[in-house]
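Down below is the structure, laid out as structure tokens.
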Amino acid sequence: MSEPQSELPQIYLLTPTAFEPEDFAPKLAAVLDAHEVACVRLALASKDEYVLGKAADACREVCHARDVAIVIESHVALAERHGLDGVHLTDGSRSIRKVRKTLGDDAIVGAFCGASKHDGMTAGESGADYVAFGPVGDTDLGDGTKAPRDLFEWWSMMIEVPVVAEGALSVEIVKELTPVTDFFAVGDEIWGTEDPVAALSELIAAMG
């Protein structure tokens, strides 16, 4: 059983769901140069292999030049083909064992488990490197079920697998969840602003 974490959570950066690689790469570089980021997730909505591959190559170049790991959402084959560090699965615990077998022990394999403690525990037992719960804020996406603070609190006391809080973060939510999460997954919260570096600064300051 692990003690509740005492260090501040780390930032896990999500890309926008759509972008032009040549426009986005310098923005990503600016954020990584300004802030300490543990990992980047390529979170494109596109199902086009060419679009995903081009984005993966551009973002990998920026991330690896700064010793930051990069994973891709769902597309296991593209993670291998484009030299990414792993994959973020959105189907809970269902495909973790199979993906781990494909990508090997060194790859990062994470799982999004909504607000389901059971899914999270199964994902951890199946070998996930981290479990993400969310959304933690108000959003019309999904069925509206939020991952509550007590889920993170229970997890941080009982489970050793790192936990990620994501979805509709705000300064208030960051303050509330800082004592009970290991990572904050930040994406739209900053990319939709005029100054992503400053927007991330604001969220990081809320942890203090």
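The values are calculated or read from the model by the stated rules, or taken from the named source; none is laboratory data. Just so we're clear, the structure is a prediction, and the values are computed from it rather than from any experiment. Cβ atoms come from the backbone with ideal geometry, glycine included; neighbour counts cover every protein chain shown. Surface areas here come from the heavy atoms of the whole protein model, side chains and all, with no ligands, DNA or RNA. Shrake-Rupley method; radii C 1.70, N 1.55, O 1.52, S 1.80 Å.
Where nothing but the Cβ of Lys and Arg (+1) and of Asp and Glu (-1) is charged, how large is the charge dipole of the chain around its Cα centre, in debye to the nearest 20?
660
Show me the GluC sites (Glu not before Pro) within segment 19-76 that DSSP assigns to loop and that have at most 14 other Cβ atoms within 10 Å of their Cβ.
Of the GluC sites (Glu not before Pro), the ones in loops of segment 19-76 whose Cβ has at most 14 other Cβ atoms within 10 Å are Glu36.
Mind checking which aspartates and glutamates have their Cα closer than 13 Å to the Cα of Lys146? Skip sequence neighbours fewer than 8 apart in that chain.
Asp138, Glu166
Within the chain, which complete DSSP H helices have Cα atoms spanning at least 15 Å along the helix axis and a mean Kyte-Doolittle hydropathy of -0.5 or higher? Kindly include the intermediate steps, with their values, before the conclusion.
Details: long enough: 21-34 (19 Å, 0.30); 49-64 (21 Å, -0.08); 196-207 (17 Å, 1.62).
Correct list, ordered by number: 21-34, 49-64, 196-207.
Please work out how much accessible surface Asp85 shows to a 1.4 Å probe, ignoring ligands, DNA and RNA, in Å² rounded to 10.
Only protein atoms counted, so the area is about 50 Å².
GNM on the chain, C-alpha springs below 10 Å: top fluctuator among Thr181, Thr15, Thr90?
Thr90
When a/c is below 1.5 the answer is rounded, else prolate if a/b is larger than b/c, else oblate, so apply that to segment 23-65 with a ≥ b ≥ c taken from the square roots of the Cα gyration tensor eigenvalues.
Values: a/c = 2.27, a/b = 2.00, b/c = 1.13.
It comes out prolate by the Cα gyration axes.
Percent of accessible area on the chain owned by carbon and sulfur, 1.4 Å probe? The partial results should precede the final answer.
Values: 5090 of 10200 Å².
Of the solvent-accessible surface of the chain, carbon and sulfur hold 50 percent.
How far apart, in nm, are the 7 Å Cα→Cβ label points at Glu80 and Val51?
Computed distance between label sites Glu80 and Val51 equals 2.5 nm.
Once you have the Cα-Cα distance between Asp67 and Ala168, take 0.36 nm times their residue separation minus that, and quote the gain in nm to one decimal.
Fully extending the segment from Asp67 to Ala168 adds 33.6 nm.
Mind checking which aspartates and glutamates have their C-alpha under 16 Å from Lys101, skipping anything on the same chain fewer than 8 residues away?
The reachable aspartates and glutamates, counting only those whose Cα sits under 16 Å from Lys101, are Glu80, Asp85, Glu125, Asp129.
Scan (1) 17.7; (2) 18.2; (3) 17.1 for the value of Kirkwood radius over Cα pairs in Å calculated from this model and give just the label.
(3)
Let's test the formula: R0 of 41 Å, r as the Cβ-Cβ distance of Thr102 and Asp33. What FRET efficiency results, to the nearest 0.05?
0.80
Counting helices only, and only those DSSP H runs with n ≥ 4, report the 222 nm mean residue ellipticity of the chain as the sum of -39,500 (n - 2.57) divided by its residues, in deg cm²/dmol to the nearest 500.
Using -39500 (n - 2.57) per qualifying helix, the result is -12000 deg cm²/dmol.
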